[in-house]
Every structure is written in C-alpha cells, then in structure tokens.
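Notes follow the structure.
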Amino acid sequence: MFLIEAVIIIVTVALLVDYAVKRRRTEMVKDIPGPETLPLVGNSLMYYGKSLEDIMPFILSNRQKFGPLYKVWIFNQLAIFSSDPKDVEVVLSSQKLITKNRLYDLLLPWLGTGLLMSTDKKWHSRRKIITPTFHFTILEQFVEVFDQQGTILIEKLKTKADGKTAFNIQPDICLAALDIIAETAMGTKIHAQTDVNCKYARAVNDTGSTLAQRFVNVWFRQDFVFRMFSPKLYNQLKDDIKLMHDFTENIIEERRNTLVENATSSPSSDDADDVGTKRKMALLDVLLQSSIDGKPLTNEDIREEVDTFMFEGHDTTTSGLSFAIHEISRHADVQQKMYEEIVEKLGTDKTSPLTLRDLGELKYMECVIKEALRMYPPVPIIGRYFYEDVNLNGRMIPSGTNYTVGIFAMLRDPEHFPDPHTFKPERHFLENMDEKTNPYAYVPFSAGPRNCIGQKFAMLEMKCTLTKIIRNFELLPLGETVKPVLNLVLRSSNGMQLGLKIRD
C-alpha cells in the first residue's frame, strides 16, 4: 500500500514540476502547430524505433503535416523546426543568435569548443584568426594538394573501371577527402588512400557512425544511458577519440618544434609569397603563429580547430561529391556537357596539373555541383539555441528553445525550386535565377555570420576531383539509386553506386 502511495506522490510531483518548467514556453508557442504531446516525455516516443534511414522521410512528413514552422517537445526541451526562408533569415543573419543548439553537444568530446562549437567572444576571435587561411593565394597552394591526391584516386578507380560492374564509390571519395584535409589542415600525409590499415581513417569513420546513432536515438543522447546500455560502443567511441586526439597532438608538437627551429635559421626568399605565407602553409601553421590578447594558442586550442577541420573538411565534401557523382552518372546529357566544357577550357591532356585559374573556368560544372548540393545538402539540418526570446516575424519564440533549420526540406520546396526532385543544373544559370527568391532559400553552406568558412575550399576540391574523374572516365548508371540517410552528414544507406568506363 505504501509503495503505491509513494509512486502516486512521485508521479504527481513529476507532473507538477514538468508543468511548471514548461508553462511559460507552452503558452508562448500555443499557436505553433505540432504533434500532440504527452506529460513528461513530450513527443519523445515519436522517435522510438526510428532508424537513420527513417529520419529524413520523418522530417519531411512532419513538414507536410504541420507546415514550415512546427514544434516538438523532447521531454521538457522545446524544439522548433523551421524551413521558411523568411524565418531562417531572421536567425541566420543575426549577429547575436550564433549559439549552436544542444544536439551539437554530442560532438564536444571529439571537437571541443573549436570554430564549429564555440560562441560569443571565443568564436569571434577564432573566426578572425582562421579566415586568412582561405585567402586565394593559399587556396592556390591547396589546389596542388587536391590535384596530387586526385591523381592517386584516379589510379585506384581504374582498377574498378570495367564498364559493366556497379560499385560504391563513396569509400574511395572519403579516403581521398581525408588525405586532402590532413595535408591542408595538419600539413601531414596520412596515406588514407593507400594504407588499408590507416587507424586514423578508421577512427574518423567509426566515430561519425556512432555519433549519428546517438543523434537519432534520443535516449542515447544522455551519456549515462549510453554508457549503461551500450558499453561496448561507448568504450569504442572513447578509444577512437583518444586515438585521434593523440595523433593530432603529436603533429602539433612536431610542427611547433619545426617552427622554433626555422625561426633560428635565416629564411630564404623562396619560403614566402606576396602575403608573407610559407609555401603549402597548413591551417596548423596559421594557428601556431597566432595569438589572442597577446597570448599564443595552447596545444589544446589548436587541437580543437584542427580536429574540427578534419571532421568538417572531409565528411561534408565526401557527401557533396558522392551525391554529385551519382547524379552525373544518371544524367548522360549533363555529363556530356561537363566533358565538353573540360575539353574546351582545359584541353585533352588528362595528366596536366590543374590550377586555381583552370577551375575558375568551369562554370557549368559549378552549376552541376550547386544543383547536387540543393538536392542533397551535406548538412541537411542545422541548429541554434535561443538564450533570449526571439521575434520570428511576429511569432515570439521563448528563450531555452532549440531552433532547427530544415535545409533539406527548404531546398526541395517547389515554391522556391520548381520541379524540386528533378536534377536541373540550368536552374543555377544567372539568367535563370529569380531575383525575387529569398537568398536564404538556398543555404547548403549555411549563411550569415556563421556560414561555412571553408565553402570556397570545398567548391574547389569538388571541382578538381570531378574534373579528374570526368577527364578519365565515363560514369555509367549502374546499380541502385541513392537512398538519402541522416548520418552526421547526409549519406546514402545503400552507398553511391555506379559504373566506370575508361575514356579513350
């Protein structure tokens, strides 16, 4: 009898506390549509049994049911989902609303509070330090790395180019992207493409997969639940993160020592270019030579930024490139136009090194990439956390809200992109673009003060890799079509299947 009474009292108290905690926010968003909620758990049960493959259709289904702005309660946490460019513009253009939402906290053990995760003064100072890394002079040096690693990729793909067998090209693209970002971010070669036992590459891949599972499983977002019910995966995640941190810290220490040694010797005139930058200067070199308020960055500060670029610089590019390649293989007319543009602008020599100027000539290819990013944005959702009440075009959103931008849904909205499920690179021709379209309707690289700092880098890398592939191969529509799935970035649950035939 006493036990029953105790349970009743506990449940009653929990319900009262839940009501009190939610009351103000509930009242403020009462006119915003959303699914029916349950006491205590909110809408958490909607996610029960959902796999990674289910999440994107689930988000699109909710958008259809409730419109471009709707609410969801995860326990006592309010989440607002938005895919209206007018609302998105208010948030992304703000200089104040720059704090990422709480889901990003899952990345903290790996990335710390680097550029992706930091906010306020720390974010502003880090952004200021890193921005010069993407000066066109340094990007020109990075193109050399893109070209060299692309050549390795081509040699690997030749072994699969029999003109009749479908295969998944995504793992090959991923390893090439890892090699590129390691050399440009850390200034070191990890040989991910040629070393089948590369521990760093495996750790990056496994960590991304584990974090994606935690993202989808609302119960596993709690560390103690994850540790209790999935101890093997929890320990593997810890070990993988330690491996990556140790690797990065060793590289930092080596580069720091090299800089000290170089400082004691006389630099030659060949070591610097017109902006005083060393040849092949990596992000790591910029960070090692930077300071904030007169103090140099610590090894931990630097590791946060390098790890952030290793994550963002390979995963997103892999996604964008892989989906683009798949779509090109399914559209022979698009592929032919791309090949003709390459021959016209760059000539027929498949082995000639590519330059920044060469890539700038490929205007049609740029439209193809933009269309692939529209249909398959590598980062399909992004989020902010509101520390204050926000006026969203007349609707007040309370402080303590996780605000999520549904980029995937917005980029497939027929109001902004007619015939949205059809691959049409021509829609990105300047003469075809509607001046009345809100610029925040197309934000595959986000927008505003927290837009992707590496978007020029990513576009050049994708252009370079696509140029080398299309110069050497005809892409064939073999295998299954893609099935978009939300990982940490957008991927395909059945890979990116196609065939290759070596061009004469």
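Surrounded by 15 or more Cβ atoms within 10 Å (Cβ to Cβ) and of a type in the set (A, V, I, L, M, F, W, C): which single residue out of Ile32, Ile8 fits that description?
Details: Ile8 fails: surrounded by 15 or more Cβ atoms within 10 Å (Cβ to Cβ).
None of the other options fit; the residue is Ile32.
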Check: Is it true that some residue in the stretch 98-112 is surrounded by fewer than 16 Cβ atoms within 10 Å (Cβ to Cβ), assigned to a loop (DSSP other than H, G, I, E, B) and either of a type in the set (Ser, Thr, Tyr) or out of contact with any Cys (no Cβ under 9 Å at 6 or more places or on another chain) (or both)?
Finding: no
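Looking only at strands (runs of 3 or more DSSP E) that fall completely inside the stretch 447-504, which ones have 2 or more residues that are touching a Pro at 6+ places or on another chain (Cβ under 9 Å) and modelled with pLDDT under 95?
By residue number, 484-486, 490-492.
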Counted residues in the stretch 153-167 being surrounded by 17 or more Cβ atoms within 10 Å (Cβ to Cβ) and either closer than 19 Å to Pro353 by Cβ or basic (Lys, Arg) (or both) come to 3
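Matching residues to (1) more than 27 Å from Trp123 (Cα to Cα); (2) free of Cβ contacts under 8 Å to residues at least 40 places away in the same chain; (3) buried (at least 20 other Cβ atoms within 10 Å of the Cβ):
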site	(1), (2), (3)
His421	yes, no, no
Glu426	yes, no, no
Met433	yes, yes, no
Gln455	no, yes, no
Glu461	no, no, yes
Arg471	yes, no, yes
Gly495	yes, no, no
Does at least one position in the stretch 130-139 carry a residue that is more than 18 Å from Gly320 (Cα to Cα), more than 23 Å from the chain's Cα centre (by Cα), in a helix (DSSP H, G or I) and modelled with pLDDT under 95? yes
Among residues of the stretch 380-419 being over 23 Å from Phe58 (Cα atoms) and of a type in the set (A, V, I, L, M, F, W, C), the residue surrounded by the fewest Cβ atoms within 10 Å (Cβ to Cβ) is Met396
Every listed condition ((1) in a helix (DSSP H, G or I); (2) closer than 25 Å to Phe58 by Cβ; (3) in contact with a Lys or Arg (Cβ under 8 Å, 6 or more places away or on another chain); (4) not aliphatic (A, V, I, L, M)) holds for Asp358 save (2)
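Can you say whether Ala177 is out of contact with any Cys (no Cβ under 8 Å at 6 or more places or on another chain), in a helix (DSSP H, G or I), small (Gly, Ala, Ser) and modelled with pLDDT of 95 or more, as far as the supplied structure shows? Lay out the reasoning, then the answer.
Numbers: out of contact with any Cys (no Cβ under 8 Å at 6 or more places or on another chain): yes; in a helix (DSSP H, G or I): yes; small (Gly, Ala, Ser): yes; modelled with pLDDT of 95 or more: yes.
Against the criterion (out of contact with any Cys (no Cβ under 8 Å at 6 or more places or on another chain), in a helix (DSSP H, G or I), small (Gly, Ala, Ser) and modelled with pLDDT of 95 or more), Ala177 qualifies.
For the stretch 218-236, name all the residues that are closer than 18 Å to Trp110 by Cβ and either within 20 Å of the chain's Cα centre (by Cα) or assigned to a loop (DSSP other than H, G, I, E, B) (or both).
Within the stretch 218-236, the first condition is being closer than 18 Å to Trp110 by Cβ, and the residues that meet it are 220-223, 226-227, 230, 233-236.
Result: Phe220, Arg221, Gln222, Ser230.
The values are calculated or read from the model by the stated rules, or taken from the named source; none is laboratory data. For clarity, every value in this text was computed on a predicted model and none was experimentally measured. Because the Cβ atoms are built from the backbone with ideal geometry, glycine has one as well, and the counts that use them run over all protein chains shown.
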